[in-house]
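Chemist: One structure follows; several queries about it will come next.
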């Protein structure tokens, strides 16, 4: 069921997309934002690289977990996820090379190439000795037939549609900035002051949200933004199809939101204030000389406790786009001899996508 909390998650994700879309101080924030979104909807190709790193992570422990939680926290703090890749709209092809680098006593680096066109996705199986993967599949691309998978689930295949996504973000941004105070959340900074070394960044906007700002922001989302976003989705079938949302879900969400916003949200916010001691979100959005968002980063630091258990840590995400609308070099779809289909996996006695995990 599409609940009010799920709706808030969707709205929150869209808010992040809107802030990452960029703006500058030469115009009003909203005007520049709309310009950047229009430019972004015209992106037909790009190269990308980015990373995600977790540091100083402390997770709640229980008396009987045998130190497992500490081990997981240490593992995540010593691991860094990075990626490179690119996108081409016509003919559609997306490529991403995920790399997991683990430091410490079990130091290793694992790379997982992923390719996708309109109908299929291929994931290359890495060679990880400790997992004991069958030799027949190591180094091969596991093929996922997206069209067949969608048919099995009684759905239409959903292709990666940058244009429709940007149109949705554009429409939602108009709603968002109608209700929030731009000066409270955004400010112009220099690339040097933001610590950005990426080439081509011409202007930077910094977003800063602290624990004290969460309550008024959530209240605005629940009371003003979310109802209008529901109405927007109700009037646009293209958006509903992309998000796989039915009109009945939106009707239920609107009803649930109206019933819960006064009591449930206040209770949730009270619990949030009690359990979260520190929350600091700092984001930098860089725009190149042509008006495209070419860089973004976010650093999230948190600390909290509940039922005598504490948790804390820092997460940093960095993303950079280059070769926007240029001649992006992609490796192309894998060769037939390097691919294992679902039928071939079955012949090897291994489950396919619909039959479980390796």
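Chemist: Using beta carbons and a limit of 8 Å, which pairs, at least six apart or on different chains, have the first residue in region 87-112 and in contact (Cβ under 8 Å) with a residue 24 or more places away in the chain and at positive phi and the second one surrounded by 15 or more Cβ atoms within 10 Å (Cβ to Cβ) and part of a loop (DSSP other than H, G, I, E, B)?
Modeler: Final answer for the pair search is 104/78.
Chemist: Moving on to the next point. Out of 113, 126, I need the residue that is buried (at least 16 other Cβ atoms within 10 Å of the Cβ) and part of a loop (DSSP other than H, G, I, E, B). Which one? Show your work before the answer.
Modeler: On the way: 113 fails: part of a loop (DSSP other than H, G, I, E, B).
Answer to the check: 126.
Chemist: Ok, one more. Checking residue 173 against (1) farther than 20 Å from residue 292 by Cβ; (2) modelled with pLDDT under 90; (3) not in a loop (DSSP other than H, G, I, E, B), only one condition comes out false. Which one?
Modeler: Only one criterion in (1) farther than 20 Å from residue 292 by Cβ; (2) modelled with pLDDT under 90; (3) not in a loop (DSSP other than H, G, I, E, B) is unmet by residue 173, namely (1).
Chemist: May I pose another question? Scan region 34-52 and tell me whether some residue there is closer than 30 Å to residue 307 by Cα, out of contact with any helix residue (DSSP H, G or I) (no Cβ under 9 Å at 6 or more places or on another chain) and at pLDDT 65 or above.
Modeler: Keep residues of region 34-52 that are closer than 30 Å to residue 307 by Cα, which gives 52.
Filter again for out of contact with any helix residue (DSSP H, G or I) (no Cβ under 9 Å at 6 or more places or on another chain), leaving 52.
Okay, now just the ones that are also at pLDDT 65 or above, so 52.
Within region 34-52, one or more residues are closer than 30 Å to residue 307 by Cα, out of contact with any helix residue (DSSP H, G or I) (no Cβ under 9 Å at 6 or more places or on another chain) and at pLDDT 65 or above.
Chemist: Exposed (fewer than 15 other Cβ atoms within 10 Å of the Cβ) and either touching a residue at least 60 places away in the same chain (Cβ under 8 Å) or within 30 Å of residue 271 (Cβ to Cβ) (or both) - does that describe any residue in region 163-173?
Modeler: Of all residues in region 163-173, those exposed (fewer than 15 other Cβ atoms within 10 Å of the Cβ) come to 163.
Still in the running and either touching a residue at least 60 places away in the same chain (Cβ under 8 Å) or within 30 Å of residue 271 (Cβ to Cβ) (or both): 163.
Checking region 163-173: at least one residue is exposed (fewer than 15 other Cβ atoms within 10 Å of the Cβ) and either touching a residue at least 60 places away in the same chain (Cβ under 8 Å) or within 30 Å of residue 271 (Cβ to Cβ) (or both).
Chemist: Find the residue count for region 149-167, including only residues that are closer than 18 Å to residue 116 by Cα and at pLDDT below 75.
Modeler: Number satisfying all stated conditions: 8.
Chemist: Just to be sure, is residue 86 more than 21 Å from the chain's Cα centre (by Cα) and either modelled with pLDDT of 90 or more or in a helix (DSSP H, G or I) (or both)?
Modeler: Values: more than 21 Å from the chain's Cα centre (by Cα): no; either modelled with pLDDT of 90 or more or in a helix (DSSP H, G or I) (or both): yes.
So residue 86 does not fit the description; no.
Chemist: If you don't mind, another one. If you take the residues in region 207-252 that are surrounded by 15 or more Cβ atoms within 10 Å (Cβ to Cβ), touching a strand residue (DSSP E or B) at 6+ places or on another chain (Cβ under 6 Å) and not in a helix (DSSP H, G or I), which one is modelled with the lowest pLDDT?
Modeler: Checked region 207-252; the qualifying residue modelled with the lowest pLDDT is 207.
Chemist: Being at pLDDT 85 or above and surrounded by 18 or more Cβ atoms within 10 Å (Cβ to Cβ) is the filter here; which residues of region 253-280 pass it?
Modeler: Selection gives 253, 254.
Chemist: List, please: which pairs have Cβ atoms under 6 Å, are six or more places apart or on different chains, and start with a residue in region 177-202 that is modelled with pLDDT under 80 and end with one that is surrounded by 17 or more Cβ atoms within 10 Å (Cβ to Cβ) and not in a strand (DSSP E or B)?
Modeler: Partner pairs satisfying both residue conditions: 182/29; 186/29.
Chemist: Which of the residues belonging to region 275-303 are more than 30 Å from residue 43 (Cα to Cα) and without any contact (Cβ under 8 Å) to a residue 24 or more places away in the chain? Spell out how you get there, then give the answer.
Modeler: We begin by selecting, within region 275-303, every residue more than 30 Å from residue 43 (Cα to Cα); these are 275-280, 301-303.
Hit for region 275-303 is 301, nothing else.
Chemist: Within region 176-198, can you find the residues that are part of a helix (DSSP H, G or I) and under 18 Å from residue 223 (Cβ atoms)?
Modeler: Within region 176-198, 176, 177, 178, 179, 184, 185 meet the criteria.
Chemist: Only one of (1) loosely packed, with under 13 Cβ neighbours inside 10 Å; (2) within 30 Å of residue 119 (Cα to Cα); (3) in contact with a strand residue (DSSP E or B) (Cβ under 6 Å, 6 or more places away or on another chain) fails for residue 143. Which number is that?
Modeler: Exception for residue 143: condition (1).
Chemist: Taking residue 304 as the residue in question, decide whether it is in contact with a helix residue (DSSP H, G or I) (Cβ under 6 Å, 6 or more places away or on another chain), under 21 Å from residue 53 (Cα atoms) and surrounded by 14 or more Cβ atoms within 10 Å (Cβ to Cβ). Explain how you work it out, then say what you get.
Modeler: Details: in contact with a helix residue (DSSP H, G or I) (Cβ under 6 Å, 6 or more places away or on another chain): yes; under 21 Å from residue 53 (Cα atoms): yes; surrounded by 14 or more Cβ atoms within 10 Å (Cβ to Cβ): yes.
Yes.
Chemist: Looking for something surrounded by 15 or more Cβ atoms within 10 Å (Cβ to Cβ), at pLDDT below 90, in contact with a strand residue (DSSP E or B) (Cβ under 8 Å, 6 or more places away or on another chain) and outside any helix (DSSP H, G or I) - is there at least one such residue anywhere in region 61-72?
Modeler: Of all residues in region 61-72, those surrounded by 15 or more Cβ atoms within 10 Å (Cβ to Cβ) come to 61, 69.
Filter once more, keeping what is at pLDDT below 90: 61, 69.
Applying the additional criterion that residues be in contact with a strand residue (DSSP E or B) (Cβ under 8 Å, 6 or more places away or on another chain) yields 61.
Okay, now just the ones that are also outside any helix (DSSP H, G or I), so 61.
Scanning region 61-72, I find at least one residue that is surrounded by 15 or more Cβ atoms within 10 Å (Cβ to Cβ), at pLDDT below 90, in contact with a strand residue (DSSP E or B) (Cβ under 8 Å, 6 or more places away or on another chain) and outside any helix (DSSP H, G or I), so the answer is yes.
The values are calculated or read from the model by the stated rules, or taken from the named source; none is laboratory data. Since this is a predicted model, take the numbers as computed values, not measurements. Because the Cβ atoms are built from the backbone with ideal geometry, glycine has one as well, and the counts that use them run over all protein chains shown.
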